Amino acid sequence: MANQDSDSLTRLCPVCKRPVPVGATVCPHGDCKEDLSHIAVVDTLGDELYHVALQRIREGETAEALRVLTAARSYAAGNVDILVVLGKLHAQRRQYRDAIECWRQALQIKAGEKRALAGIKAAERILIVRRVLIGLGIAAAAMLVFFLGNFTRAWLSSSTVEPSLAPGASSGTALMGTTAVPASETPSPTFTPTLIVTASPESAVETCRISTGMQGGQLNMRGGPGMMFRVSGWMPEGESVTLIWSSDMLEWMLVRSEAGLGGWISKYYCTRD
């Protein structure tokens, strides 16, 4: 069934097997005139369930919204909005393959649907990153998250960390782990992963705008670059934020809100100005 105005949609009369407008309570064909009121209720049930699901999302009941949208999908298989929002709910629950399937069905109904294309691109990149992290090993992934998390905490506290000295040590002695090593001695080479962040001049500050794709929607801001970090705040649809740090290798970017709140958000729900 195509996703178009309900006035142009048709279904077959169960008696005469000829097309009748969706929502019609009586078959319009003169030699039939079958009572279709029981079918007309079903015709509008999908849209009604969709609006119920949106209300549940606004109330933060995403699990219930997912259940209602799944039911709405069975009654209104041609509704692109249902498939797009259902895909987003699956993605929020990290069910990326289910999300991609919903968005692909939306594209079959409406070719070029931008929300579905953006969602598929984001989900596929996440799955690629997952495979890469598995290939590198859990230890490497944990190390990346650890250093990015430390960078976030350091930035949010806006403090400068100076090299510390061991108790009673002079300026010629630096700390290597927990053992003081005289500066004159050459320690063994040690690999230390370092996150280098280059500050942009004020004239080159970038901003982006929150774009959840849902009217009245809110985007979670987290304390680190990943779903495993706690939610530190929420930003409403359309709010402009200042971009602090971003990388093509991560789906997260560090931003500061208009109220001065700093944290990490998913870059796929933020459109650069």
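The values are calculated or read from the model by the stated rules, or taken from the named source; none is laboratory data. Quick caveat, the model's predicted, so the values are computed rather than measured. Neighbour counts run over all protein chains shown; Cβ positions are idealised from the backbone, glycine included.
Odds and ends about this structure:
- When segment 246-257 is limited to residues that are part of a strand (DSSP E or B) and under 17 Å from the mean Cα position of the chain (by Cα), the one that is surrounded by the most Cβ atoms within 10 Å (Cβ to Cβ) turns out to be 255.
- Of all the criteria given as (1) under 17 Å from residue 122 (Cβ atoms); (2) not in a loop (DSSP other than H, G, I, E, B), the one not satisfied by residue 243 is (1).
- Pair list, Cβ under 7 Å, 6 or more apart: segment 49-77 residue under 17 Å from residue 220 (Cα atoms), other residue of a type in the set (S, T, N, Q): 62/92
- Residue under evaluation residue 260, criteria (1) modelled with pLDDT of 85 or more; (2) not in a strand (DSSP E or B), criterion not met: (1)
- The one condition in (1) of a type in the set (A, V, I, L, M, F, W, C); (2) part of a loop (DSSP other than H, G, I, E, B); (3) touching a residue at least 12 places away in the same chain (Cβ under 8 Å) that residue 83 fails to fulfil: (2)
- Residue list for segment 14-47, restricted to those being aliphatic (A, V, I, L, M) and at pLDDT below 80: 22, 24, 36, 39, 40, 41, 42, 45
- Selection count where residues are β-branched (Val, Ile, Thr) and at positive phi, scope segment 41-100: 0
- Residue 81 meets all of the listed conditions (1) acidic (Asp, Glu); (2) within 24 Å of residue 269 (Cα to Cα); (3) modelled with pLDDT under 90 but one, namely (3).
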